[in-house]
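Structure first, then comments.
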Amino acid sequence: MKAVLMMTCLLISFAGWANPNPQKLAAETAEKDLAAITVYWDVNLFSRKKLAAKNMTELHQAFSDQGYELLTINPYTENSDLQGFFISYKKRR
């Protein structure tokens, strides 16, 4: 029981480290003046159903604020399990 609890705590603590801060990522992309970028956005067991859409909305807003528009969202699966999304943006002209 103790091992299961420790493993759960470790998984929860790593859940926040998988994805970068949306505002920071968008600002760094704008500083580099990239014409387009594709971001891998990880969804884990804890955020798959309730937080994935909220987190992607924050990412979309951050990139929009920096002058980028959404191009595509492609889900990434392994063994029929959703692992994350490849999200592409392009610079508005």
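Quick look at the values:
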{"item": "Failed condition for Thr38, given (1) assigned to a helix (DSSP H, G or I); (2) of a type in the set (Val, Ile, Thr); (3) modelled with pLDDT of 85 or more", "result": "(1)"}
{"item": "Complete set of residues in the stretch 66-81 that are out of contact with any Lys or Arg (no Cβ under 6 Å at 6 or more places or on another chain) and of a type outside the set (Ser, Thr, Tyr)", "result": "Gln66, Leu70, Ile73, Asn74, Pro75, Glu78, Asn79, Asp81"}
{"item": "Selection count where residues are more than 14 Å from Pro20 (Cβ to Cβ) and either at pLDDT 90 or above or assigned to a strand (DSSP E or B) (or both), scope the stretch 41-65", "result": "5"}
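The values are calculated or read from the model by the stated rules, or taken from the named source; none is laboratory data. Quick caveat, the model's predicted, so the values are computed rather than measured. No Cβ is skipped: glycine too gets one built from the backbone with ideal geometry, and neighbour counts run over all protein chains shown.
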